[in-house]
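K.L.:
Below is one structure. I have some questions about it.
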Amino acid sequence: MLGKISPLSGKIERGDFLFPSYFEQEVKAGNITPIDDVWSEFPSLDQHQVRASLARCGLKNEHISRPLKQLSGGEQAKVRLCKLLMNESNWLLFDEPTNHLDIAAKEELKRALKAYKGTVVLVCHEPDFYKDWVTKTWDVEEWSQKMNQA
């Protein structure tokens, strides 16, 4: 979908005005702090704006000044969500965004996605997270079973 892997046959064409953002399930965390990580992607923001964005994603001052590799999986996910939601995109691809998130963070993410005006493609094993706001679901497990029976 994102063009990271070449198709086995044919070609993929995306529109000129498609601006995707991708939330990876797991990312290797390094020595950079969350505030510096966000600032490196959004250098035009001032420190107050970066701190406010991280706070909206549930991160406290104690989190944003420690290296990413010292944060919990949920705290690292919140940093990735912060950066994703700050991008000007019209198409979001989420790979298991609820992994490692606490209940409050899941609810905040759900609220943000319900309000989002673009397209969301979500890979998720938690129907309670998405069942009241998605317009279509595609059960890949059932799909693959049907494909194998054909």
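K.L.:
Which pairs have Cβ atoms under 8 Å, sit 6 or more apart or on different chains, and link a residue in segment 29-54 that is closer than 10 Å to K83 by Cβ and free of Cβ contacts under 8 Å to residues at least 12 places away in the same chain to one that is loosely packed, with under 14 Cβ neighbours inside 10 Å and not hydroxyl-bearing (S, T, Y)?
P.N.:
Matching pairs, first to second residue: none at all.
K.L.:
Is there any pair with a first residue in segment 78-95 that is of a type in the set (D, E, K, R) and a second that is in a helix (DSSP H, G or I) and surrounded by fewer than 21 Cβ atoms within 10 Å (Cβ to Cβ) whose Cβ atoms are under 7 Å apart and which are 6 or more apart or on different chains, and what are they?
P.N.:
K78/A105; K83/E41
One line per residue, one yes/no per condition, for (1) surrounded by 20 or more Cβ atoms within 10 Å (Cβ to Cβ); (2) at pLDDT 90 or above:
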residue	(1), (2)
G30	no, no
L45	no, yes
C57	yes, no
K69	no, yes
L81	yes, no
A104	no, no
E108	no, no
R111	no, no
A115	no, no
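The values are calculated or read from the model by the stated rules, or taken from the named source; none is laboratory data. Everything numeric in this text was worked out from a predicted model, so none of it was measured. Using ideal geometry, Cβ is built from the backbone for each residue, glycine included, and neighbour counts are taken over all protein chains shown.
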